[in-house]
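A.B. asks: Would you mind keeping the following structure in view while I ask a few things?
The values are calculated or read from the model by the stated rules, or taken from the named source; none is laboratory data. Worth saying up front: this structure is predicted, and the values here are computed from it rather than measured. No Cβ is skipped: glycine too gets one built from the backbone with ideal geometry, and neighbour counts run over all protein chains shown.
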Amino acid sequence: MSRSNKMFGDKAFDLLKDLKRSAQTIPAFDDDGVRQVLEEVKAIFEENVAQASSYSSSGDRSLWPLLNYRHAALQRNKRCLLAYLYERMQRIKAMRWEFGPIIPSDIKQALCEPEVQFFNNYSKSLAAYMRSIGDGKGIDLTGNLRPPKSLYIEVRCLENYGKFELDDGEIIHLKKNSQHYLPRAQVEPLVRQGVLQHIA
Amino acid sequence: MDPTIVEFIGEKCMISIIPNFSNEPLHLIYGSVGPFRAGFPVFVPLWLAAHLRKQQKCRIVPPEWMEMETLEEIKEEEKRSKFFTKMPSEHYMVVAQLVMSTAPDDVPRCEELRTIIKDIFDIRESKLRTSIDAFIKGEGTYAKLDNLTLLEMHSVRPILPYSLDHIARYQRMATASQRDTSMMNTTGGGTGTGSMSNSFFTQ
Amino acid sequence: MATDSRELQDLALKHKSSCFYLSTMNYFPNYYSIEDIFVTQEKVECKVNTRLQRMGFLDAGAETEDLEPGRTINLPLWYIKELKVNNAYFTIALPDIYKNVHKAVCEAETTHIELGRLHPFFYEFGCYLTPYDRNHVIGRIIFETLRQRVRHLLDISKNDADSKPDHRLDNIEAKLHDAGVRTNTLYINWLQMSGNNIRISELVEEHQKKRKRADRSDDEGGGGAGGSGDMDMPTGKKPSW
Amino acid sequence: MSESENLEEALNEQELNTEAAYAEEDNDDEDAEPITAQKVLEILETAWTNEMCAPELLQHQTDMLELMLSQVAHMEEQMKDLDKNDFRFVVHQMELERIRYIMASYLRCRLQKIEAFTQHIINQDATRDATDKRLSPEEAKYAQEFASHVDEYFNKVATQYMPNQQRGEAEQRVVAPNLMSHVFLKANVAVSGVIVGVDDEEVDLAPGSQHIIPYQLVSDLIQKNQAQLI
């Protein structure tokens, strides 16, 4: 009875379901789940290879439908697993744009080693690309996110941030709850990082 | 394309201001503006007008059409006409919104104007919904939208184009299956994960 | 099946990865589409036509090694769609949900149908079944149904944005509805001139909230991995790229 | 006020420099017309809105971007010594920020498509002549790197442990845009005989007329600048 309660491909499918279900920015990489899927893939593959060789020597087609089914199951596992990685990759990419080149350590812990590597590679390539635009003049694409309305904006400081140097060398002390009138383009990253709040 | 981008594009519209200062012309990349002479009207882009007004360096001269009588006529015409009438500015909503919010004192009968412009927008928007309905039920995937302004298009964006995409895809699918019942694996709209080769045991 | 796939619909609608710079594109299935994978997880009723050796494990109600002809079993779409439409092994039994709306479609009375209740993936599931329908109705039905309901979608996304459509809508429709509600919100914000402020990035905000929760829930320290330790991580230096 | 007059003159001169730069770059074209900074900006603005509305990646605009970036850099240089509260400084700075926003938004939009359709775009560009490539050289480099980072990640976690890929499998995984996506279009000039439906129905587009239509049916008009997306 219980044999068909778990179909081929169900574990791989659960990976995706759990990923979607998670309310976190990115849930911990499901090492165990991924390993189980890879094992299933390997098992299916080996069974098929074994039976396929007996099929080609005897010409007996009676196992053909089974081979067929297993093949589909293998492809299904693969697709689910790669979709799992692809979705995680999207979220990792989003982190580069939202947090910047350094991710908070508690979030970083959710990534597996190849994912950390991917984040670093992505970050590096993106930075190199942004520097290379316009014959090396460069544009920061993570800034200038919204249509500009004014050169200066009113901001409130949400934490004790410390000193902040403007392009012209002026130094601003960003103390919690202090309010400032600062160049929009230069403080945009701090607003994005939650250090400052844009109030008008 | 959200309304802030529509506004950004609309801010390029030229509008007349009366500066309270004098200055030589400015050679902006987008074209020269000025000279500015205190007390004399000069045309500048809307974004500049709004900035100068906030700095209290000018008074904004509302465009000719921002006036009750004209707008009443436009509203009546819009109600009468089956089609979208041509608006006095292709960014009438953006211009009205920016002028009336940055310089309400420069606009006579500002509140009344606000209401009537909103009325016109609403009439046009509901007309748009009705014509969309007719157009979709008429099996179209193409429609003419003359005189519709950018912000009005935004009111059905992206839901209208997205709906049409799906409808068209389902229609293609229905037609394809009618043409060829014995086809395989072409389901799922263009991707279909299936290529059943005989070699499911590659090594 | 229904509750299961309804959960999938709810999951499909959660779009975590959508952030400001990814202006979400319209749904168009590709290899990595989680939603398409959800749809193809759906089961279809099939009649077995011929003895299939060693495939008895697919039949929950039998103990036999082989799959016996005449049995009716449920098979996932991901397998079905790899077979030829006129394969010799199985005959696909089309679900009644499409037949059941046929009359409403003909009478152009589809707006009141609780489509999501009929099937959370009414349209996409129907797409996959279209080739198996020898009468060519399903394809026509899904296309006509959406065509008839677009106006309704436009209206409800503008007028009752607050009331969640629950399971009145299928997954595709719910996405369209979301998009419509979003447009409307952006427009209202714009009219109130409140759309122009630069905002904290979504992920940073989420992370801050989480950290505050963690700080509150365990005051004995150790609050979450790297909890307060990196509070002052960005030093006086400007974020660099 | 002579100081600021000089500034305006200098800024004005730059427009001429721009013309020179352009004429030089394209001097194999027999009648390369001089181009003003204003024209460059207009071209970039159109490219930006087209890119935001088109489902696929459009032709790159490296030349125009470089011209505009030089112009912006030059203006910043000229304005460096001005008082930050000077009327002229403020107005020029505001315009520069608008231009920077357009360029950033434009390139971000392209990057997003490049990341979504990486392999598809690389494959297509491989079949195109050097002058018709959609990717700029910098974008092409980025696309290659991105593809290999993804590959490396997939390989380390999964694909190296899986049976060899079959023929056709790589193809299945290519993510491509839906070219039949509906777009809003405005005709720049009169265009006759545009096919607008599956049943080969044709219409003539009047200049300034607006339409909603599947992208694929009008992509060539965008390319030829006979129409633009809005």
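A.B. asks: Yes or no: A:G169 modelled with pLDDT under 90, more than 19 Å from D:L96 (Cα to Cα) and surrounded by fewer than 18 Cβ atoms within 10 Å (Cβ to Cβ)?
C.D. replies: Judged against the criteria, A:G169 is a match.
A.B. asks: Another question, then. Any idea which residue in the range A:11-51 is nearest to the chain's Cα centre (by Cα), counting only those that are surrounded by fewer than 16 Cβ atoms within 10 Å (Cβ to Cβ), among the acidic types (D, E) and within 13 Å of chain C (Cβ to nearest Cβ)?
C.D. replies: Restricting to residues being surrounded by fewer than 16 Cβ atoms within 10 Å (Cβ to Cβ), among the acidic types (D, E) and within 13 Å of chain C (Cβ to nearest Cβ), the top hit is A:D18.
A.B. asks: I've got another one for you. Are any residues in the range A:100-146 in contact (Cβ under 8 Å) with a residue 24 or more places away in the chain, surrounded by 19 or more Cβ atoms within 10 Å (Cβ to Cβ) and farther than 27 Å from D:P137 by Cα, and if so, which ones?
C.D. replies: Answer for the range A:100-146, where residues must be in contact (Cβ under 8 Å) with a residue 24 or more places away in the chain, surrounded by 19 or more Cβ atoms within 10 Å (Cβ to Cβ) and farther than 27 Å from D:P137 by Cα: A:I107, A:A110, A:L111, A:E115.
A.B. asks: State all residues of the range B:133-153 that are within 7 Å of another protein chain (Cβ to nearest Cβ) and either crowded, with 20+ Cβ neighbours inside 10 Å or within 19 Å of the chain's Cα centre (by Cα) (or both); if no residue qualifies, say none.
C.D. replies: B:I136, B:T141, B:Y142, B:A143, B:K144, B:L145, B:D146, B:L148, B:L150, B:M153
A.B. asks: Kindly evaluate D:L67 against the criterion of being in a helix (DSSP H, G or I), surrounded by fewer than 20 Cβ atoms within 10 Å (Cβ to Cβ) and in contact with a Phe, Trp or Tyr (Cβ under 8 Å, 6 or more places away or on another chain).
C.D. replies: Numbers: in a helix (DSSP H, G or I): yes; surrounded by fewer than 20 Cβ atoms within 10 Å (Cβ to Cβ): no; in contact with a Phe, Trp or Tyr (Cβ under 8 Å, 6 or more places away or on another chain): yes.
Answer is no for this residue.
A.B. asks: Could you check A:P65 against (1) surrounded by 16 or more Cβ atoms within 10 Å (Cβ to Cβ); (2) out of contact with any strand residue (DSSP E or B) (no Cβ under 6 Å at 6 or more places or on another chain) and say which number it fails?
C.D. replies: Evaluating A:P65 over (1) surrounded by 16 or more Cβ atoms within 10 Å (Cβ to Cβ); (2) out of contact with any strand residue (DSSP E or B) (no Cβ under 6 Å at 6 or more places or on another chain) leaves (2) as the failure.
A.B. asks: Could you check D:Q144 against (1) more than 14 Å from the chain's Cα centre (by Cα); (2) at pLDDT below 95; (3) surrounded by fewer than 17 Cβ atoms within 10 Å (Cβ to Cβ) and say which number it fails?
C.D. replies: Unmet for D:Q144, out of (1) more than 14 Å from the chain's Cα centre (by Cα); (2) at pLDDT below 95; (3) surrounded by fewer than 17 Cβ atoms within 10 Å (Cβ to Cβ): (2).
A.B. asks: Let me ask something else about it. Tell me which residues, restricted to the range A:157-166, are closer than 27 Å to B:T4 by Cβ and either at pLDDT 95 or above or surrounded by 15 or more Cβ atoms within 10 Å (Cβ to Cβ) (or both).
C.D. replies: Of all residues in the range A:157-166, those closer than 27 Å to B:T4 by Cβ come to A:157-158, A:164, A:166.
Result: A:C157, A:L158, A:F164.
A.B. asks: Tell me the residue from C:T110, C:T50, C:T64 that is closer than 30 Å to C:E173 by Cα, assigned to a loop (DSSP other than H, G, I, E, B) and either within 13 Å of chain A (Cβ to nearest Cβ) or over 20 Å from the mean Cα position of the chain (by Cα) (or both), please. Spell out how you get there, then give the answer.
C.D. replies: Numbers: C:T50 fails: closer than 30 Å to C:E173 by Cα; C:T64 fails: closer than 30 Å to C:E173 by Cα.
Of the residues listed, the single one that is closer than 30 Å to C:E173 by Cα, assigned to a loop (DSSP other than H, G, I, E, B) and either within 13 Å of chain A (Cβ to nearest Cβ) or over 20 Å from the mean Cα position of the chain (by Cα) (or both) is C:T110.
A.B. asks: Scan the range D:46-57 and tell me whether some residue there is more than 8 Å from every other protein chain (Cβ to nearest Cβ), among the acidic types (D, E) and surrounded by fewer than 18 Cβ atoms within 10 Å (Cβ to Cβ).
C.D. replies: No.
A.B. asks: Return the residues of the range C:89-140 that are surrounded by 15 or more Cβ atoms within 10 Å (Cβ to Cβ) and of a type in the set (D, E, K, R); say none if nothing qualifies.
C.D. replies: Matches in the range C:89-140: C:R117, C:E124, C:D133, C:R140.
A.B. asks: Looking only at the range C:163-209, which residues are part of a loop (DSSP other than H, G, I, E, B), touching a residue at least 24 places away in the same chain (Cβ under 8 Å) and of a type outside the set (D, E)?
C.D. replies: C:P165, C:H167, C:R168, C:L169, C:S201
A.B. asks: Where residues in the range A:84-99 are more than 21 Å from A:A12 (Cα to Cα) and at the interface with chain C (Cβ under 7 Å from one of its Cβ atoms), which of them is surrounded by the fewest Cβ atoms within 10 Å (Cβ to Cβ)? Lay out the reasoning, then the answer.
C.D. replies: So the first thing to find is which residues in the range A:84-99 are more than 21 Å from A:A12 (Cα to Cα), and the list is A:93-99.
Add one more test, that the residue is at the interface with chain C (Cβ under 7 Å from one of its Cβ atoms), and what stays is A:94-95, A:97-99.
Values: A:A94: 22, A:M95: 26, A:W97: 19, A:E98: 23, A:F99: 22.
The qualifying residue surrounded by the fewest Cβ atoms within 10 Å (Cβ to Cβ) is A:W97.
A.B. asks: When you scan the range D:65-72, do you find a residue that is acidic (D, E) and either over 22 Å from A:A94 (Cα atoms) or within 13 Å of the chain's Cα centre (by Cα) (or both), even just one?
C.D. replies: Taking the range D:65-72 first, the residues acidic (D, E) are D:66.
Within this subset, residues satisfying the condition of being either over 22 Å from A:A94 (Cα atoms) or within 13 Å of the chain's Cα centre (by Cα) (or both) are D:66.
Yes: one or more hits.
A.B. asks: Out of all the residues in the range C:23-47, which are part of a loop (DSSP other than H, G, I, E, B) and either more than 9 Å from chain A (Cβ to nearest Cβ) or small (G, A, S) (or both)?
C.D. replies: Answer for the range C:23-47, where residues must be part of a loop (DSSP other than H, G, I, E, B) and either more than 9 Å from chain A (Cβ to nearest Cβ) or small (G, A, S) (or both): C:S23, C:T24, C:M25, C:N26, C:Y27, C:F28, C:P29, C:N30, C:S33, C:E42.
A.B. asks: Among (1) under 20 Å from the mean Cα position of the chain (by Cα); (2) not assigned by TED's automatic domain parsing to the domain that holds A:P27, there is one condition A:R146 misses while meeting the rest; what is its number?
C.D. replies: (1)
The rows are residues; the columns are (1) of a type outside the set (A, V, I, L, M, F, W, C); (2) in contact with a Leu (Cβ under 7 Å, 6 or more places away or on another chain).
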position	(1), (2)
A:F118	no, no
A:Y129	yes, no
A:G136	yes, no
A:T142	yes, no
A:V187	no, yes
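A.B. asks: Then there's this: Could you figure out which of (1) surrounded by 14 or more Cβ atoms within 10 Å (Cβ to Cβ); (2) of a type outside the set (F, W, Y); (3) assigned to a loop (DSSP other than H, G, I, E, B) isn't true of A:P189?
C.D. replies: Exception for A:P189: condition (3).
A.B. asks: Still on this structure: Just give me the residues in the range D:76-94 being under 20 Å from B:F21 (Cβ atoms), outside any helix (DSSP H, G or I) and out of contact with any helix residue (DSSP H, G or I) (no Cβ under 6 Å at 6 or more places or on another chain), in sequence order.
C.D. replies: D:D83, D:K84, D:N85, D:D86, listed by residue number.
A.B. asks: What do you reckon, is D:A147 within 25 Å of A:G143 (Cβ to Cβ) and either assigned to a helix (DSSP H, G or I) or polar (S, T, N, Q) (or both)?
C.D. replies: no
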